[in-house]
Amino acid sequence: MKRTVWADEQVTALVNKSFIPVTIDVDDSESGAVRSRYSVGVTPSTIITDSNGNVLQHRVGGVGKADFLKMLGSSSGGVLTFEK
């Protein structure tokens with residue numbers, strides 16, 4: 001996703017306008033609490049949350065640009081991506 005979706009100008013503009021993007025390295029020992037909170041066991045995983053951290057959408061596996069834009073829809077809040 002880094003090279004295809006996140007590098008896209010349309011995606012970047014939308015995310016920066018309405019979301020707070022966060023990438024979590026699952027190999028980092030300090031990410032355990034976040035992985036546990038969002039039940040992440042597989043990477044990559046993408047989670048869209050509201051401003052309180054409540055999950056609005058959760059997708060396991062790679063996501064293409066079109067699907068990612070659909071996930072974002074009219075939501076606002078945070079985007080968490082879990083990667084190795």
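The values are calculated or read from the model by the stated rules, or taken from the named source; none is laboratory data. Please read these numbers as outputs of a predicted model, since none were measured by experiment. No Cβ is skipped: glycine too gets one built from the backbone with ideal geometry, and neighbour counts run over all protein chains shown.
Pairs are defined by a Cβ separation below 7 Å, a sequence spacing of at least 6 or placement on different chains, a first member in the range 49-67 that is part of a helix (DSSP H, G or I), and a second member that is surrounded by 11 or more Cβ atoms within 10 Å (Cβ to Cβ) and of a type in the set (S, T, Y); the pairs so defined are K65/T4. Under the condition of being in contact with a helix residue (DSSP H, G or I) (Cβ under 8 Å, 6 or more places away or on another chain) and among the charged types (D, E, K, R), the residues counted in the range 13-30 number 1. Restricting the range 1-31 to residues that are hydroxyl-bearing (S, T, Y) and in contact with an Asp or Glu (Cβ under 9 Å, 6 or more places away or on another chain), which is farthest from G73 (Cα to Cα)? The extreme case among them is S31. One residue stands out in the range 21-36 among those that are in a helix (DSSP H, G or I) and surrounded by 12 or more Cβ atoms within 10 Å (Cβ to Cβ): the one that is farthest from the chain's Cα centre (by Cα), namely S31.
Scanning the range 69-84 for residues that are in a helix (DSSP H, G or I) and either in contact with a Leu (Cβ under 8 Å, 6 or more places away or on another chain) or modelled with pLDDT of 90 or more (or both) yields a count of 2.
Count of the range 1-20 residues, restricted to those that are outside any helix (DSSP H, G or I), hydrophobic (A, V, I, L, M, F, W, C) and closer than 17 Å to I47 by Cα, is 5. Confirm whether G64 is modelled with pLDDT under 70 and either farther than 18 Å from V26 by Cα or within 11 Å of the chain's Cα centre (by Cα) (or both). Answer is no for this residue.
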